[in-house]
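Data block below; observations after.
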Amino acid sequence: MHHNFLFDLDQTLLNFHASERKALEIVVTENGLEFTEDCYAHFKAYNKSLWLELEKGTISRTELFIRRFTDLFEFCEGDHTGLDPLTVNNEFIYTMSQNGVLMDGALGFIEKLTDNVKDARCYIVSNGATINAEGRIRSTGLDKYLQKIYVSEWMGVTKPAKEFFDMVLEGVGEPKETCIVIGDSLSSDMLGAQNADLASVWFMPEGDIEQAKNKYGIDYTASSFDELLDVLLKWASD
């Protein structure tokens, strides 16, 4: 048996927002629209709301992709006549995949974890596009520490669904007691761990932490990579 660490990707190991902003500026500008910080802030907020809808199952991935860029075309100044939202979305995803940015301290943390837990196996469990996730992981060198990458696009199911984690557990091939979910999102990572009856660590918690821990059955919290390492080493030694 191994100790299986199931890591969320964005805002847990990779800085999604840094990659997102860079890619959006490139794609918006190349398509003849004016990019501003207001443009990015608008996209970021609306995109987040759409992903929450996707997690609830009220919209499809394709609808999300179309709506986020149709909305952005209307917001940004410039002629968007003839721009296809799905085409621009694909350009955006590809551009993001070439521009991965690690969270500060993430690589050192993974190195220490795998050095100290000799039977560690690290996985990614992420909602998103496959090319985006895999490309950003490779571009940062994180891939050499990972056993496998589970991404909702190719899996056909989205966190927090129990079915997502059932597929992960089938791939891991070991009892759920050997697995722990680490992520920043209550609505996908922590709820997903609760749905699948898996141990969990809420990373970078904010708000009413005790209330959230009770609501989602969260086992641990950590506000830095140093704290997270201590938590996971303790979990692995119990």
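Which one of 64, 52 is farther than 13 Å from residue 21 by Cα and out of contact with any Ser or Thr (no Cβ under 9 Å at 6 or more places or on another chain)?
Among 64, 52, only 64 is farther than 13 Å from residue 21 by Cα and out of contact with any Ser or Thr (no Cβ under 9 Å at 6 or more places or on another chain).
Of the residues that sit in region 152-168 and are among the small types (Gly, Ala, Ser) and at negative phi, which one is surrounded by the most Cβ atoms within 10 Å (Cβ to Cβ)?
Top of the filtered list is 152.
Of the residues in region 5-34, how many are hydrophobic (A, V, I, L, M, F, W, C) and either part of a helix (DSSP H, G or I) or under 13 Å from residue 95 (Cα atoms) (or both)?
Within region 5-34, residues that are hydrophobic (A, V, I, L, M, F, W, C) and either part of a helix (DSSP H, G or I) or under 13 Å from residue 95 (Cα atoms) (or both) number 7.
Can you work out which of the residues in region 130-151 that are without any contact (Cβ under 8 Å) to a residue 40 or more places away in the chain and charged (D, E, K, R) is surrounded by the fewest Cβ atoms within 10 Å (Cβ to Cβ)?
144
Filter region 206-236 down to residues that are modelled with pLDDT under 95 and of a type outside the set (Asp, Glu), then give me how many there are.
Matching residues across region 206-236 total 1.
Taking only region 108-143 into account, find how many residues are closer than 13 Å to residue 7 by Cα, of a type in the set (A, V, I, L, M, F, W, C) and under 16 Å from the mean Cα position of the chain (by Cα).
Final tally of qualifying residues: 6.
Would you pick out the residues in region 27-41 that are under 12 Å from residue 77 (Cβ atoms), of a type outside the set (Val, Ile, Thr) and surrounded by 12 or more Cβ atoms within 10 Å (Cβ to Cβ)?
Within region 27-41, 32, 33, 35, 39 meet the criteria.
Give the residues of region 47-65 that are over 24 Å from residue 98 (Cβ atoms), in a helix (DSSP H, G or I) and without any contact (Cβ under 8 Å) to a residue 40 or more places away in the chain, sorted by residue number.
49, 53, 56, 63 - these are the residues of region 47-65 that are over 24 Å from residue 98 (Cβ atoms), in a helix (DSSP H, G or I) and without any contact (Cβ under 8 Å) to a residue 40 or more places away in the chain.
Residues being over 20 Å from residue 19 (Cβ atoms) and of a type in the set (Phe, Trp, Tyr): count how many of those fall in region 67-91.
Total satisfying the criteria: 2.
Would you point out the residue of region 75-104, among those that are in contact with a Cys (Cβ under 9 Å, 6 or more places away or on another chain) and closer than 13 Å to residue 31 by Cα, that is surrounded by the most Cβ atoms within 10 Å (Cβ to Cβ)?
Top of the filtered list is 76.
From 7, 73, 43, 35, grab the single residue that is in the same structural domain as residue 168 (by TED's automatic domain parsing) and either farther than 26 Å from residue 157 by Cβ or under 18 Å from the mean Cα position of the chain (by Cα) (or both).
Sole residue among the options that is in the same structural domain as residue 168 (by TED's automatic domain parsing) and either farther than 26 Å from residue 157 by Cβ or under 18 Å from the mean Cα position of the chain (by Cα) (or both): 7.
Go through (1) surrounded by fewer than 20 Cβ atoms within 10 Å (Cβ to Cβ); (2) assigned to a helix (DSSP H, G or I); (3) not polar (S, T, N, Q) and name the single condition residue 1 misses.
(2)
The values are calculated or read from the model by the stated rules, or taken from the named source; none is laboratory data. Nothing here was measured: the structure is a model prediction, and the numbers come from that model. Every residue, glycine as well, gets a Cβ built from its backbone with ideal geometry; the counts of neighbours run over all protein chains shown.
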